[in-house]
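The values are calculated or read from the model by the stated rules, or taken from the named source; none is laboratory data. Given the structure is predicted, the values throughout are model-derived calculations rather than measurements. So basically every Cβ, Gly included, is an ideal-geometry build from the backbone, and we count neighbours across all protein chains shown.
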Amino acid sequence: MKVTITRRSFGIAALGAAVMPALFNAKGAAALAATPAIPAGTAPAKIDPLGLVDPELREGAELIMSRPLPDPLDHEAILAMRQGVPPPAAPLPAPAPAIEMRRILGTRGQPEVSIAVIGARRDGDNRPAVLHIHGGGFILGRMQDTFVASQQLAEELDCVVVEVEYRLSPETVFPGPLEDCHTALVWLHANAAELGVNPNSIAVMGESAGGGMAAMLAIAARDRGSVPLCYQVLIYPMLDDRTGTTRRVPPFIGTIGWNEAGNAVGWSSLLGVPAGSDRVPSGAVPARTSDLSGLPPTFIGVGAIDLFVDENIAYAQRLIAHAVPTQLLVVPGAYHGFDFIAPRSRASRTFIASWKLALGAAFRDRAAASG
């Protein structure tokens, strides 16, 4: 089967998923320079990562690997990359779920937050909802890039989707971006009746850094007792700042798309301290959270040659050990962002169907429990 990679899908996905070595200002550069060295080890025999890629995903992999990056890739270069992202795809017209843009008041002394409400109906329905958080390594991305996908999700699962435009790093360090997402979650829960949403049937989800932020948000919601979540969907989530700094992955892992160098700078940009150090702020790194009990049932999906495969498997294992119902899907031959770059491939279609099936089942279970 021939899978066509469109210019738009490659431009957006490659920019969001393959930002490397990444963004730093003077503070971020110092943080990266101070990152602890990775212990030397015996490397396995050289393996060509392209030889491990699913044939239907290979064209996208080759495009990513051939894409030149600015040198140096400093703050100015990343700002230029943000400005150079292709315009987002036009939202689907009616009868697709409508999109309503809003500005909501910040919480805990934070500024206002822009959100998009997709598929709300004020007819008294008691429907589920998803707070979706976009990816981009904490340094790139915008909520408009996933509007079409969120319209499709709202229609397929008969739910409301709320997108949040959280502040990017390094301009805003932790906890600013998390507080933006928490503000959106609290607003969704507080306005459930107006939106036709069941306040006990709210899930969070995100891809890459958005998946990491969703995991952070689930932990924060639990710790603060703010919003009861029914599910979290973590798509190749960015969970552990130590990946690529103090923890090395095999050399054929994480070479297509998001890589170790980009991961170190992305995390350092968010944290304001060196990724992999012992000075990371509490609550900023899901993989460093000791107690995962009481978190919502979880779906984690990741490609087998994604940089995050080890940390995602480890997080799933820890969730299971803390009695959190967890589904883990590892996709052979898949790299970071594969489902955005080649959405028509068999691997992508199966992957997307899997997490939607899991999320839909969670919504049905919650509806049944609510009577």
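Overview of values
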quantity: Residues (free of Cβ contacts under 8 Å to residues at least 60 places away in the same chain, touching a helix residue (DSSP H, G or I) at 6+ places or on another chain (Cβ under 7 Å) and more than 15 Å from ARG103 (Cβ to Cβ)) located in segment 166-183; calculated: CYS181
quantity: Tally, over segment 180-213, of residues that are among the small types (Gly, Ala, Ser), surrounded by fewer than 20 Cβ atoms within 10 Å (Cβ to Cβ) and not in a helix (DSSP H, G or I); calculated: 1
quantity: Some residue of segment 50-63 being buried (at least 22 other Cβ atoms within 10 Å of the Cβ) and touching a Leu at 6+ places or on another chain (Cβ under 8 Å); calculated: yes
quantity: Residue list for segment 285-322, restricted to those being outside any helix (DSSP H, G or I), under 17 Å from the mean Cα position of the chain (by Cα) and either without any contact (Cβ under 8 Å) to a residue 60 or more places away in the chain or within 23 Å of LEU271 (Cβ to Cβ) (or both); calculated: VAL285, ILE300, VAL302, ASP306, LEU307, PHE308
quantity: ASP240 being more than 16 Å from the chain's Cα centre (by Cα) and either under 21 Å from ILE219 (Cα atoms) or at pLDDT 95 or above (or both); calculated: no
quantity: Total residues in segment 184-195, condition free of Cβ contacts under 8 Å to residues at least 60 places away in the same chain and more than 19 Å from GLU112 (Cβ to Cβ); calculated: 1
quantity: Residue match in segment 323-346 (condition: part of a helix (DSSP H, G or I) and under 22 Å from THR246 (Cβ atoms)); calculated: no
quantity: Test: GLY283 is on the phi > 0 side of the Ramachandran plot and surrounded by fewer than 19 Cβ atoms within 10 Å (Cβ to Cβ); calculated: yes
quantity: Pairs with Cβ under 6 Å, 6+ apart, first in segment 197-222 and in contact (Cβ under 8 Å) with a residue 24 or more places away in the chain and of a type in the set (D, E, K, R), second surrounded by 24 or more Cβ atoms within 10 Å (Cβ to Cβ) and outside any strand (DSSP E or B); calculated: GLU207/GLY135
quantity: Hits in segment 299-342 - residues which are closer than 27 Å to ARG222 by Cβ, crowded, with 24+ Cβ neighbours inside 10 Å and of a type in the set (Val, Ile, Thr); calculated: ILE300, VAL302
quantity: Residue that is at positive phi and under 19 Å from the mean Cα position of the chain (by Cα), where the choices are GLY225, GLY262, GLY257; calculated: GLY257
quantity: Sole exception among (1) among the aliphatic types (A, V, I, L, M); (2) farther than 30 Å from ALA129 by Cβ; (3) at pLDDT 95 or above for ILE219, by number; calculated: (2)
quantity: Residue match in segment 264-282 (condition: touching a Lys or Arg at 6+ places or on another chain (Cβ under 6 Å) and either closer than 16 Å to GLY206 by Cβ or part of a loop (DSSP other than H, G, I, E, B) (or both)); calculated: yes
quantity: Some residue of segment 248-258 being free of Cβ contacts under 8 Å to residues at least 12 places away in the same chain, assigned to a loop (DSSP other than H, G, I, E, B), surrounded by fewer than 24 Cβ atoms within 10 Å (Cβ to Cβ) and out of contact with any Gly (no Cβ under 7 Å at 6 or more places or on another chain); calculated: no
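So that you can scan it fast, the table gives a plain yes or no per residue for (1) surrounded by 15 or more Cβ atoms within 10 Å (Cβ to Cβ); (2) at pLDDT 55 or above; (3) among the acidic types (Asp, Glu):
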{"site": "MET1", "(1), (2), (3)": "no, no, no"}
{"site": "ARG8", "(1), (2), (3)": "no, no, no"}
{"site": "VAL19", "(1), (2), (3)": "yes, no, no"}
{"site": "ALA26", "(1), (2), (3)": "no, no, no"}
{"site": "ALA31", "(1), (2), (3)": "yes, no, no"}
{"site": "THR42", "(1), (2), (3)": "no, no, no"}
{"site": "LYS46", "(1), (2), (3)": "no, yes, no"}
{"site": "PRO70", "(1), (2), (3)": "no, yes, no"}
{"site": "ALA96", "(1), (2), (3)": "yes, yes, no"}
